[in-house]
1. Looking at region 19-46, which of its residues are within 19 Å of the chain's Cα centre (by Cα) and modelled with pLDDT of 95 or more?
2. Conditions: (1) modelled with pLDDT of 95 or more; (2) within 16 Å of ligand 1 (Cβ to nearest atom); (3) within 30 Å of residue 30 (Cα to Cα). Residue 182 meets all but one. Number of the miss?
3. Restricting to region 89-98, name every residue that is part of a loop (DSSP other than H, G, I, E, B), within 15 Å of residue 76 (Cβ to Cβ) and in contact with a helix residue (DSSP H, G or I) (Cβ under 8 Å, 6 or more places away or on another chain).
4. Return the residues of region 101-128 that are part of a loop (DSSP other than H, G, I, E, B) and within 26 Å of residue 206 (Cα to Cα); say none if nothing qualifies.
5. When you look at residue 131, is it away from ligand 2 (no atom under 15 Å from the Cβ), out of contact with any strand residue (DSSP E or B) (no Cβ under 7 Å at 6 or more places or on another chain) and not in a loop (DSSP other than H, G, I, E, B), yes or no?
6. Taking residue 344, is it surrounded by 15 or more Cβ atoms within 10 Å (Cβ to Cβ) and modelled with pLDDT under 85?
7. Just wondering, is there one or more residues in region 125-139 that are under 17 Å from residue 37 (Cα atoms), crowded, with 20+ Cβ neighbours inside 10 Å, without any contact (Cβ under 8 Å) to a residue 60 or more places away in the chain and touching a helix residue (DSSP H, G or I) at 6+ places or on another chain (Cβ under 9 Å)?
8. Scan region 173-190 for residues that are touching a helix residue (DSSP H, G or I) at 6+ places or on another chain (Cβ under 7 Å) and more than 14 Å from residue 130 (Cβ to Cβ) and jot them down.
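The values are calculated or read from the model by the stated rules, or taken from the named source; none is laboratory data. Here the structure is a predicted model, which is why all the values come from computation and not from measurement. FYI the Cβ positions are ideal-geometry reconstructions off the backbone, even for glycines, and counts take in every protein chain you see.
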Ligand SMILES: Nc1nc2c(ncn2[C@@H]2O[C@H](COP(=O)(O)OP(=O)(O)O)[C@@H](O)[C@H]2O)c(=O)[nH]1
Ligand SMILES: [Mg+2]
């Protein structure tokens with residue numbers, strides 16, 4: 001399978017290798033994937049009519065999506081594009097229909113299972129559109145905004161101002177209203193198309209088709225890259241579980257050292273054992289200096305951008321020092337104090353304190369290095385995502 005090389009590289013702590021797998025081998029494999037496009041928007045906005053127009057069908061044709069005054073839809077329905085390979089349009093229930101209030105719509109239709117979105121809106125840009133945009137952006141997915149029923153707007157304008165009627169000007173005003181609304185929601189380069197499903201050869205309909213066709217590969221690539229953190233996450237967890245199994249050895253060793261009644265000795269030894277393990281985790285996950293430099297080169301990002309998002313650098317050593325200082329210090333004190341009177345008891349107590357502390361600390365540290373690995377890998381993949389857009 002195409003992702004096997006990526007998984008193996010992540011497991012070996014070869015993050016640069018994982019990125020190179022993505023760049024060199026895996027990106028071809030996404031070409032045969034399906035792109036699931038959700039056609040979403042308010043009830044009655046013209047979603048089903050839009051799908052029919054995209055598929056070159058009229059409402060009366062066999063296999064056409066049901067359109068009309070009533071919205072009885074409960075479940076999304078899939079329609080294949082007859083021309084674009086692997087493109088599936090999903091006709092979604094309408095936002096604001098009686099069973100689908102705005103507040104719960106995204107969850108009810110499981111918006112997250114779709115990969116790309118076409119928001120169909122009519123009339124002005126409003127809060128329902130903003131809700132959808134926010135949800136899609138949260139998932140870092142992409143969308144087109146289709147402003148439907150342009151024929152009605154043009155007709156109304158022609159009737160109201162016959163002497164000054166200018167088709168392109170009306171269309172431009174509609175585009176600008178949509179873009180303004182989208183930009184207010186933080187969309188960088190909104191892609192807006194003003195269409196009429198009655199006239200699929202007019203207005204922005206042909207441009208929409210062409211854009212989708214041209215961007216299809218990059219959209220598939222983007223979705224594929226977005227799915228990769230989901231592939232690496234179980235691998236990193238598996239590796240964490242393996243390393244976790246070895247923690248007790250270090251803890252046991254520290255426990256024995258803590259029982260030696262020489263002031264400061266146990267503290268220093270335990271600290272160095274802990275530090276050694278921390279660096280071992282870094283190199284085994286691929287977060288040591290050399291591996292990070294190789295990853296940065298491969299991803300085309302400065303190392304600082306990768307290290308800036310690592311939390312274990314800051315948290316692990318400080319928590320470790322604090323906890324070690326308290327617990328091992330306490331253990332040493334107990335040992336020194338009780339050594340003279342109850343030597344065996346003193347050694348057992350101080351050793352026990354060290355055992356528990358080191359065990360908990362190592363676990364915490366391992367978890368934070370594993371989290372960092374996922375973070376750094378996602379950051380490195382972001383560079384590829386940007387190339388895909
Ligand atoms: N004039 C005009 N009416 C449209 C257009 N698209 C849809 N409609 C009408 O709007 C109503 C709702 O359309 P439909 O596709 O069922 O909307 P949905 O609920 O979003 O699926 C229907 O009566 C359609 O005939 C269009 O481009 N122009
Ligand atoms: Mg419909």
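1. Those that are within 19 Å of the chain's Cα centre (by Cα) and modelled with pLDDT of 95 or more: 36, 37, 38.
2. So the condition that residue 182 fails would be (2).
3. Those that are part of a loop (DSSP other than H, G, I, E, B), within 15 Å of residue 76 (Cβ to Cβ) and in contact with a helix residue (DSSP H, G or I) (Cβ under 8 Å, 6 or more places away or on another chain): 92, 93, 94.
4. From region 101-128, those part of a loop (DSSP other than H, G, I, E, B) are 101-104, 109-110, 114-115, 122-126; that's our starting set.
Selection gives 114, 115, 122, 123, 124, 125, 126.
5. Here the answer is yes, as residue 131 does meet what is asked.
6. Numbers: surrounded by 15 or more Cβ atoms within 10 Å (Cβ to Cβ): no; modelled with pLDDT under 85: yes.
Here the answer is no, as residue 344 does not meet what is asked.
7. Checking region 125-139: at least one residue is under 17 Å from residue 37 (Cα atoms), crowded, with 20+ Cβ neighbours inside 10 Å, without any contact (Cβ under 8 Å) to a residue 60 or more places away in the chain and touching a helix residue (DSSP H, G or I) at 6+ places or on another chain (Cβ under 9 Å).
8. 174, the sole residue that qualifies.
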